[in-house]
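Reading through the structure tokens given below for one structure.
Derivation of every value follows stated rules applied to the coordinates shown; laboratory data play no part. Predicted, not measured: the structure shown is a model, and the values here were computed from it. Note: ideal-geometry Cβ built from the backbone for every residue, glycine included; neighbour counts use all protein chains shown.
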């Protein structure tokens, strides 16, 4: 893998679900780009600040080996985001790795890309099943090119699963 884009909510992304996988990727010499709904300084739920490199509108899935959605309470704001849906659909259509952690698998569910796929997330709220996914409850779930995880304690395992796919 050469480059990854991590999509975060501009406000209230989950700090460690962004920072810890990013560190794993960078140690593996993978370039990480941060995308969000707007440019500027995004703020995590726990107060982390990070610069946004590109907007969702500028993101082209073809430019990356993997497209990852970071969780946290802000990710609920992206559940109905049509640009996120298109990014997720394009990522899979191009045979790229698509990942989501914590609450962010709900974005993939709303995008329609989890139909009939095994997936996990922070809590079985029914959102996955509502959109045809098979909720497993595993810490990390890999179904083809889709890699989902439950939350902060699974960040390293999620990042490592992404690197080997």
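For segment 20-30, does any single residue satisfy the condition of being over 23 Å from residue 160 (Cα atoms), touching a strand residue (DSSP E or B) at 6+ places or on another chain (Cβ under 6 Å) and touching a residue at least 24 places away in the same chain (Cβ under 8 Å)?
No, the conditions are met nowhere in segment 20-30.
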>> Let me confirm something: among 116, 95, which residue is more than 28 Å from residue 42 (Cα to Cα) and touching a residue at least 40 places away in the same chain (Cβ under 8 Å)?
In response: 95
> When residues of segment 34-68 are filtered for being closer than 13 Å to residue 84 by Cα and buried (at least 18 other Cβ atoms within 10 Å of the Cβ), how many remain?
Replying inline: 8
>> Please determine whether any residue of segment 32-54 is closer than 22 Å to residue 165 by Cβ, out of contact with any strand residue (DSSP E or B) (no Cβ under 8 Å at 6 or more places or on another chain) and without any contact (Cβ under 8 Å) to a residue 40 or more places away in the chain.
In response: no
> How many of the residues making up segment 126-139 are in a loop (DSSP other than H, G, I, E, B) and closer than 22 Å to residue 157 by Cβ?
Replying inline: 5
